[in-house]
Amino acid sequence: MIAPGDVESLLGQAASARRKLAAHAQAPPRLQRQLDIALRMLGDHAARRCPQIPYHTVALLAAAVLYFLRPVDAVPDWLPRVGLSDDALIFELAFELGQAGVERYCAWKEISGDGLLARRKRRVRPH
């Protein structure tokens with residue numbers, strides 16, 4: 001579980017997370033945007049500027065950033081073209097599970113939430 005103190009500690013590593021992402025020239029654009037939004041939301045949460053964001057969303061995004069910062073991943077980051085695939089998957093899951101909070105945050109900040117979530121086609125069920 002992510003405690004409030006963990007979020008503040010994590011924010012001390014925000015520059016490291018941004019440098020790590022910048023070092024990967026082939027990082028997926030959605031991952032870049034998700035990391036940026038996650039760090040912004042965590043910063044606003046720690047500064048107590050956005051009380052309407054569920055802690056569930058904050059914890060999910062904090063866990064995704066913590067995973068991203070881990071030196072040992074399921075797929076090593078140094079592998080060309082696939083090194084960030086596990087990190088991207090973790091961010092996709094965090095943003096999907098915390099979608100309501102992410103959408104609320106984007107609306108509050110007046111920023112577009114377009115492209116943050118993979119939109120799946122919904123199947124139409126026959127009656």
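The values are calculated or read from the model by the stated rules, or taken from the named source; none is laboratory data. Nothing here was measured: the structure is a model prediction, and the numbers come from that model. In this analysis, Cβ positions are derived from the backbone assuming ideal geometry, glycine residues included, and neighbour counts consider all displayed protein chains. The accessibility values were calculated without ligands, DNA or RNA, using every heavy atom of the protein model including side chains. Shrake-Rupley method; radii C 1.70, N 1.55, O 1.52, S 1.80 Å.
Which whole-number value in Å² is the accessible area per residue of the chain, probe 1.4 Å?
63 Å²
Using modelled amide H (1.01 Å from N, peptide plane; none on Pro or chain starts), what sits under 5 Å from the amide H of Ala27, excluding residues fewer than 5 places away?
Result for Ala27 returns nothing.
Step through the residues of region 76-83 one at a time and calculate ³J(HN,Hα) from phi using the Karplus curve (6.51 cos²θ - 1.76 cosθ + 1.60, θ = phi - 60°), rounding each to whole Hz and writing x for Gly and Pro.
x, 4, 6, 6, x, 6, 10, x
Along the charge dipole of the chain, Cβ charges K/R +1 and D/E -1, which of Pro4, Thr57, Ala118 sits furthest on the positive end?
Positive-most Cα among the choices belongs to Ala118.
From the phi of every residue in region 30-39, what ³J(HN,Hα) in whole Hz does the Karplus formula 6.51 cos²θ - 1.76 cosθ + 1.60 yield, where θ is phi - 60° and glycine or proline is x?
5, 4, 4, 5, 5, 4, 4, 5, 4, 5
Would you work out what percent of the accessible area of region 26-91, with all protein chains in place, is carbon or sulfur (probe 1.4 Å)?
With neighbouring chains kept in place, the figure for region 26-91 is 63 percent.
Which whole-Hz ³J(HN,Hα) couplings does region 51-56 yield from phi under the Karplus relation 6.51 cos²θ - 1.76 cosθ + 1.60, θ = phi - 60°, glycine and proline marked x?
Values, residue by residue: x, 8, 8, x, 5, 4 Hz.
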